[in-house]
């Protein structure tokens, strides 16, 4: 019989491997016994956990507070005390330190916050834009469920050809989320260290919605 490794010990080992400049780290916890998932979620509730299949996803933030390292250690100790043995896995790290440009490859490029990506995309649009069809790609399929919950206001639509979603944005009227609400949704993802890329797939300018609630997108024979 294998000896279970305490969650506190797993966290301490992982914490020692984090770079000195780390700000937040996205984690997943998988209980050894599937029927203990609900109790593990209850104990880790203060960390704002989300269920992703048989695992729990959450983020530890170096700044502290309810999601800080000390809080995580206390909750992990409670799981150990309850003999709910779990496996801890690191998903992604947000760090303040960027690699040098000369050594940088596409896979190693520093992550740009989704809210900042959104601001840049809007700045590049023509001044009279009115309707957008956008895509949100995530760094991992394990983050889909949590990301869908955090971005519910944008009405994310699962896209079969991408690890992410499509969504619509309307500047002043019509179908789609407002630009400001979309940005707040991306800020929620950034706060949990969820990495990804947002892009504008289609754009329409200066629409006049007469007798309709807004433009309709036809992509690949489908209405989006």
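The test for being farther than 19 Å from residue 143 by Cβ and in contact with a strand residue (DSSP E or B) (Cβ under 9 Å, 6 or more places away or on another chain) holds for residue 39. Strands (runs of 3 or more DSSP E) fully within the range 1-96 that include at least 3 residues being over 22 Å from residue 113 (Cα atoms): 22-31, 86-95.
I'm trying to understand the selection: among the residues of the range 189-224, which are within 15 Å of residue 157 (Cα to Cα), surrounded by fewer than 18 Cβ atoms within 10 Å (Cβ to Cβ) and modelled with pLDDT of 85 or more? Passing the criteria: 199, 200, 201.
Restricting attention to the range 143-188 and to residues that are part of a loop (DSSP other than H, G, I, E, B) and without any contact (Cβ under 8 Å) to a residue 24 or more places away in the chain, the residue that is surrounded by the fewest Cβ atoms within 10 Å (Cβ to Cβ) turns out to be 160.
Please pick out the residue among 53, 45 that is out of contact with any strand residue (DSSP E or B) (no Cβ under 8 Å at 6 or more places or on another chain) and in contact (Cβ under 8 Å) with a residue 60 or more places away in the chain. Unique residue meeting the criteria: 53. Quick check on residue 16: is it exposed (fewer than 15 other Cβ atoms within 10 Å of the Cβ), modelled with pLDDT under 95 and at negative phi? Here the answer is yes, as residue 16 does meet what is asked. Does residue 93 satisfy the criteria of being over 27 Å from residue 148 (Cα atoms) and in contact with a strand residue (DSSP E or B) (Cβ under 8 Å, 6 or more places away or on another chain)? So residue 93 fails the test.
Here the condition is being surrounded by 12 or more Cβ atoms within 10 Å (Cβ to Cβ) and at pLDDT below 95; of 123, 131, it holds for 131 alone.
The values are calculated or read from the model by the stated rules, or taken from the named source; none is laboratory data. Computed from a predicted model, the values in this text were never measured in an experiment. Here Cβ is always computed from backbone atoms with ideal geometry, including for glycine, and neighbour counts include all displayed protein chains.
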